[in-house]
1. Quick query: amide H of ALA89 versus all other amide H atoms, modeled in the peptide plane; which residues come in under 5 Å with a sequence gap of 5 or more or a different chain?
2. Please give the solvent-accessible surface of VAL207 in Å², to the nearest 10, using a probe radius of 1.4 Å with every protein chain present.
3. Any chance you could look up the accessible area of THR174 with a 1.4 Å probe, heavy atoms only, rounded to 10 Å²?
4. Which of the lysines could be linked to LYS131 by a straight reach, that is with a Cα gap under 18 Å, when you skip same-chain ones fewer than 8 residues away?
5. Which order do LYS36, LYS204 take by accessible area at a 1.4 Å probe, largest first?
Amino acid sequence: MRQRGRLAALACVLAVIGSAGIAAEPSRPGDAERGKAMFSACKGCHQVGADARNGIGPHLDGLFGRVAGSLDGFSYSSALRRHGADGLAWDRDSLDTYLRDPQEMIPGTRMSFRGMEDAAARADLIAYLEKITASAPASDPAPVAEHRAEIGSAAMGLVGDRAYGEYLASECLTCHQQSGRTDGIPSIVGWPREAFIRVIFEYKTNVRRHQVMQLMTANLGNEEIAALAAYFGGLDPQ
């Protein structure tokens with residue numbers, strides 16, 4: 001009888017602990033300094049800090065509290081816009097879920113990032129984002145032309161022929177979807193013209209290494225690259 005009483009008491013204690021959630025180990029707060037180092041992988045698409053602007057991805061100034069897919073001047077996927085219309089706003093919890101697996105949370109998002117399984121790493125990155133994105137957004141978030149000497153500057157100085165770009169795009173569309181969906185291959189729909197041209201030249205000059213892309217870009221001239229940039233930059237993601 002005495003043994004049964006002890007077991008019953010233990011069962012009650014465990015039930016109370018379980019219902020209160022005390023048994024679960026609390027997640028540690030994120031470390032912004034560690035998160036800053038992680039953000040280096042995000043810089044190719046997103047700008048942060050005072051006067052950040054849109055690029056391949058939207059700028060992240062004022063991120064926390066922002067309704068998903070609502071930033072003026074950026075071409076979001078329809079999937080992200082729908083989630084925003086349904087009430088999704090960015091905070092620690094929603095960012096944690098999104099960074100774990102963007103495509104699982106929002107199927108059809110243009111973001112080609114595969115996700116972070118490590119919860120501690122996500123916490124660190126989110127802590128950095130919360131700190132660095134508190135600045136007020138730039139008054140005009142449109143990309144600013146970068147006047148710098150680079151191998152693609154001649155193509156950047158051309159006004160691309162969008163109709164010619166559409167003609168040339170058939171080979172690109174064997175891999176990249178015209179809708180802007182990723183599905184394992186990055187979206188190139190809606191990219192700013194200079195960012196698009198810069199990436200093409202990085203493949204042509206082996207700064208970026210990808211055998212198929214190096215073959216596809218090897219014989220493209222400045223007018224062709226400018227035309228492709230005009231075509232894909234003028235498309236709206238679906």
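1. ALA68
2. 100
3. Counting only protein heavy atoms, THR174 exposes about 110 Å² to solvent.
4. Partners within reach: LYS36, LYS43.
5. LYS36, LYS204
The values are calculated or read from the model by the stated rules, or taken from the named source; none is laboratory data. In this text, all values refer to a predicted model and were calculated from it rather than measured experimentally. Heavy atoms of the whole protein, side chains included, go into the accessibility calculation; ligands, DNA and RNA do not. Shrake-Rupley method; radii C 1.70, N 1.55, O 1.52, S 1.80 Å.
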